Amino acid sequence: MFVLTLVGVGALAVVLLALQPFFASPRRAGLPPPQAGEVIGVAGPSTPAPAPPGRTFSPAPVSLSTRLASPKAKPTPKPTGTAITRPPDRPSTSPASTAPPPPPPTTQPPVPGPGELSPLPPSQEPSLRSSGGGPETFVDFANARSEPVTVYWLDYGGQRQPYTSLQPGQSYRQQTYVGHPWVVTDGAGVALVCFLPAPEIASAVVR
């Protein structure tokens with residue numbers, strides 16, 4: 001008898017639990033409160049509840065799944081590249097047209113005056129040397145320069161043998177022989193002019 005009573009009480013509890021949604025109040029069911037003159041009915045599973053007059057429904061919020069489904073606009077990638085730096089413009093350097101240097105002035109030996117020996121260029125000194133057998137003669141050496149000069153006899157080996165020094169404007173007579181060359185230098189020993197004696201007495205002017 002006790003067991004049957006428990007079974008009956010359990011069945012009644014199951015029926016009450018099944019009917020509980022139909023007796024729930026509109027507020028607990030999540031429905032709006034009834035307006036004046038509005039009839040609340042229980043909508044079945046196949047018939048949707050009619051919307052009250054004057055009410056509008058907003059669309060359903062976008063769920064997480066719809067957000068993932070809608071593709072997002074990808075940001076436009078910025079162009080990347082290596083900046084090309086242009087070297088600064090350099091002035092064009094064209095080779096300057098260089099004119100050839102003028103030829104060195106050719107110094108012609110001065111023309112000897114009457115009674116003067118013909119001067120020989122100093123470059124002939126290495127080829128000059130004394131030779132014997134010539135007649136005796138005289139040479140008048142004269143310094144027409146503004147600096148002292150030295151008079152040398154070139155011996156039989158072509159070596160200088162000093163004889164005298166002449167100051168500017170000074171002159172002197174030297175006994176010699178035909179075939180005996182002479183050279184006159186400046187104070188530093190640089191040859192200025194060479195002379196070859198003549199059979200007659202003549203002047204050797206150093207200019």
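The values are calculated or read from the model by the stated rules, or taken from the named source; none is laboratory data. A quick note: this is a predicted structure, and the numbers were derived from the prediction, not measured. Positions of Cβ are backbone-derived with ideal geometry, glycine not excepted, and every protein chain shown enters the neighbour counts. Heavy atoms of the whole protein, side chains included, go into the accessibility calculation; ligands, DNA and RNA do not. Shrake-Rupley method; radii C 1.70, N 1.55, O 1.52, S 1.80 Å.
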ask   = Tell me, in nm to one decimal, what length is gained between residue 200 and residue 16 on full extension, where the rule is 0.36 nm per residue of separation less the Cα-Cα distance?
value = 48.7 nm
query = Given the protein chains as shown and a 1.4 Å probe, how many square angstrom of residue 185 are accessible, to the nearest 10?
reply = 0 Å²
ask   = Spin-label point model (7 Å from Cα, Cβ direction): what's the residue 172 to residue 144 distance in nm?
value = 2.1 nm
Cβ crowding within 10 Å averaged over residues, with 198-205, 147-154 ranked highest first = 147-154, 198-205
remark   = Computed about the Cα centre, the charge dipole of the stretch 116-201 from +1 Lys/Arg and -1 Asp/Glu charges at the Cβ has a magnitude in debye, to the nearest 20, of 120 debye
ask   = Residue separation times 0.36 nm, minus the C-alpha to C-alpha distance between residue 190 and residue 136: what's the value?
value = 16.6 nm
